[in-house]
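First up is the structure itself, then whatever we jot down about it.
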Protein chains: 2
Amino acid sequence: MKVLNLAQIKERLKDIDLLSIIEEGFALYSQEKTVVPPVAELLLPEQNGEVHIKYGYVKNDDYYVIKIASGFADNAKYGLPNNNGLMLVFSQKTGEVLAVLHDEGLLTDIRTAVAGAVAAKYLAPKNIKQIGIVGTGVQARLQLKYLQAVTSCRDVMVWGRGIEKLTAYKKDMQADFNIKTTLNAQDIANNCNLIVTTTASKTPLLFADDIQTGTHITAVGSDTVDKQELDAKILAKADLVVVDSIEQCKMRGEASQALRAGLITTKDMIELGNVILAKAPKRRDDKQITVADLTGVAVQDIQIAKAVL
Amino acid sequence: MKVLNLAQIKERLKDIDLLSIIEEGFALYSQEKTVVPPVAELLLPEQNGEVHIKYGYVKNDDYYVIKIASGFADNAKYGLPNNNGLMLVFSQKTGEVLAVLHDEGLLTDIRTAVAGAVAAKYLAPKNIKQIGIVGTGVQARLQLKYLQAVTSCRDVMVWGRGIEKLTAYKKDMQADFNIKTTLNAQDIANNCNLIVTTTASKTPLLFADDIQTGTHITAVGSDTVDKQELDAKILAKADLVVVDSIEQCKMRGEASQALRAGLITTKDMIELGNVILAKAPKRRDDKQITVADLTGVAVQDIQIAKAVL
């Protein structure tokens with residue numbers, strides 16, 4: 001059993017074409033070449049913590065992967081990041097444990113961000129006037145970092161709940177981007193046509209009436225039944241509602257909210273893998289509104305764990 | 001993150017009062033002092049493999065535990081044991097990974113066997129004339145080993161499908177027990193009043209008409225929807241049907257088979273933790289027939305992982 005620590009994992013990541021492996025993962029998933037059972041979840045309400053176990057395998061492959069990712073919202077008071085976890089790689093032939101990737105949540109953060117770049121690659125308008133980022137945390141940083149591979153736009157507006165975090169975000173990101181900040185999420189909707197939402201909000205931050213023609217929104221914050229960053233009417237208004245997994249997004253994320261509100265049906269949901277495979281429509285022109293609802297699928301974990309191994 | 005290998009885990013096991021911690025676990029579970037979500041399962045039909053993820057925590061404790069245990073039925077052809085896996089211990093406060101117990105399935109095997117001893121402690125008749133073991137594998141050995149703590153009987157009859165495995169079993173166990181072997185499972189029912197079934201059978205091996213008055217049967221082999229070692233009529237005939245988890249045994253194991261056959265109702269199911277706590281009846285006399293259906297509950301994994309830590 002191989003054990004890789006965070007430093008070793010970071011070193012290996014340098015040689016991996018992340019966009020390709022995540023894209024391949026979604027394509028495999030939508031072709032039903034993977035086995036991905038429903039997410040297992042452990043909630044720790046007293047600690048404001050939640051743990052997701054995502055697991056599965058690519059059929060006729062050598063491995064299966066079990067990923068544990070936790071988010072403990074109060075970790076700042078212990079001087080720790082909220083996210084943590086590890087990935088486990090097993091032999092598909094014998095069940096032997098081959099590797100423990102003690103990534104402390106990094107690989108989950110990265111595969112989530114890279115999925116955002118994949119969504120933007122297929123769904124963002126050609127001319128991006130300004131990128132909008134909703135949130136100021138780890139994912140707000142990583143999404144922007146990986147978007148560089150799929151757009152040349154470096155003008156960014158970021159929304160956060162407080163000046164302090166916005167200032168820190170600007171400081172961290174301004175080497176590569178022109179960063180504007182706002183405390184009013186409506187500014188993002190009004191001024192950006194490639195938006196990524198990255199918060200753990202349980203009430204909508206963006207509203208249908210504010211979204212401009214030609215905008216693409218990738219929503220990555222909501223991965224549970226109750227989290228919601230987008231007014232469900234945005235999904236009703238969108239020309240395309242793309243999800244990472246129809247099966248999973250019926251239960252979790254923005255699409256599940258719109259489904260429960262009766263504003264869309266499952267027939268309105270297109271899978272990202274099918275967009276990649278050109279089996280489903282991608283953006284047709286710079287007028288359409290598109291939404292990608294990414295709840296995080298085990299196939300992303302499988303792909304990144306295999307690559308790091 | 002601490003990593004313990006199999007040799008280190010075996011060393012630590014020597015100092016642990018296993019019966020007490022597993023008993024405590026069932027009691028905590030039945031008092032609803034634990035959080036134990038449904039078992040997560042990954043099936044690999046082409047490799048004849050199945051993986052169970054069992055996880056949860058004792059409320060207001062320091063840890064949560066995620067256990068992965070696999071059974072790959074064809075592993076003998078690679079010179080490997082069928083069972084494998086590991087246990088992970090996390091901080092309940094922050095989600096940090098505290099320990100990887102690379103037990104290769106040993107802790108699962110042991111906590112399963114110890115649960116059999118706990119069931120026998122509360123449910124076996126006072127005078128055991130002969131112990132009956134159905135099966136010749138790892139669990140058939142371990143169940144007998146741990147029964148020594150709760151009965152002085154050393155006369156054993158073991159059933160297996162072939163002479164070779166029966167001979168190996170007898171050779172391995174005869175230092176501590178008087179072992180008789182049989183190829184006819186009915187002999188076990190006719191001659192033993194403490195029976196443990198340990199196979200992965202999908203069709204019943206023991207039948208209601210053959211079970212003698214005063215017998216206790218612990219069934220540990222069936223932990224899925226489709227496995228079954230006991231004719232469901234045995235549960236209908238039994239004076240007590242004790243399960244490790246009512247919630248879980250509605251879905252998995254012998255009780256679930258009897259429920260689906262309409263031969264018992266959930267009201268007939270008593271939880272082992274409540275028997276331990278004397279909140280539910282244990283065996284009243286040496287005439288009753290009792291069944292313990294043990295599907296394996298995460299609280300056992302939590303208890304043993306914490307003790308080894």
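The values are calculated or read from the model by the stated rules, or taken from the named source; none is laboratory data. Just so it is clear, the model here is predicted, and its values are computed rather than measured. Quick reminder, even Gly has a Cβ in these numbers, built from the backbone with ideal geometry, and neighbours come from all protein chains shown.
What the table shows:
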item	result
Every pair of residues 6+ apart whose Cβ atoms lie under 6 Å, when the first sits in region A:25-36 and is closer than 17 Å to residue A:92 by Cβ while the second is assigned to a helix (DSSP H, G or I) and modelled with pLDDT under 95	none
Members of region A:142-164 that are part of a helix (DSSP H, G or I) and surrounded by fewer than 19 Cβ atoms within 10 Å (Cβ to Cβ)	A:145, A:163, A:164
Considering residues of region B:11-26 that are surrounded by 15 or more Cβ atoms within 10 Å (Cβ to Cβ) and among the charged types (D, E, K, R) only, the residue nearest to residue B:117 (Cα to Cα)	B:23
Residue check, residue B:59 over 17 Å from residue B:221 (Cα atoms) and over 21 Å from the mean Cα position of the chain (by Cα)	yes
Identity of the residue in region A:217-249, of a type in the set (Gly, Ala, Ser) and either touching a residue at least 60 places away in the same chain (Cβ under 8 Å) or not assigned by TED's automatic domain parsing to the domain that holds residue A:291 (or both), that ends up farthest from residue A:264 (Cα to Cα)	A:221
Residue tally, condition more than 7 Å from chain A (Cβ to nearest Cβ) and assigned to a strand (DSSP E or B), over region B:58-67	4
Of the criteria (1) at positive phi; (2) in a helix (DSSP H, G or I); (3) not aromatic (Phe, Trp, Tyr), which one residue A:25 fails	(1)
Of residues in region B:175-195 being in contact with a strand residue (DSSP E or B) (Cβ under 7 Å, 6 or more places away or on another chain) and part of a helix (DSSP H, G or I), the one surrounded by the most Cβ atoms within 10 Å (Cβ to Cβ)	B:188
Answer residue from region A:68-125, given it is in a helix (DSSP H, G or I) and facing chain B (nearest Cβ under 7 Å) and is surrounded by the fewest Cβ atoms within 10 Å (Cβ to Cβ) among those	A:78
Residue within region A:50-61 that is surrounded by fewer than 19 Cβ atoms within 10 Å (Cβ to Cβ) and basic (Lys, Arg) present	yes
Test for residue B:167: is it at pLDDT 95 or above, assigned to a helix (DSSP H, G or I) and of a type in the set (Val, Ile, Thr)	yes
All positions within region A:181-202 that are without any contact (Cβ under 8 Å) to a residue 40 or more places away in the chain and out of contact with any helix residue (DSSP H, G or I) (no Cβ under 8 Å at 6 or more places or on another chain)	A:184, A:187, A:201, A:202
Breaking point among (1) among the aromatic types (Phe, Trp, Tyr); (2) more than 8 Å from chain A (Cβ to nearest Cβ); (3) in contact with a Phe, Trp or Tyr (Cβ under 8 Å, 6 or more places away or on another chain); (4) buried (at least 21 other Cβ atoms within 10 Å of the Cβ), for residue B:29	(3)
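Each row is one residue, and each column tells you yes or no for (1) assigned by TED's automatic domain parsing to the domain that holds residue B:10; (2) over 19 Å from the mean Cα position of the chain (by Cα); (3) farther than 27 Å from residue B:26 by Cβ; (4) hydrophobic (A, V, I, L, M, F, W, C).
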{"site": "B:121", "(1), (2), (3), (4)": "no, no, no, no"}
{"site": "B:141", "(1), (2), (3), (4)": "no, no, no, no"}
{"site": "B:160", "(1), (2), (3), (4)": "no, no, yes, no"}
{"site": "B:167", "(1), (2), (3), (4)": "no, yes, yes, no"}
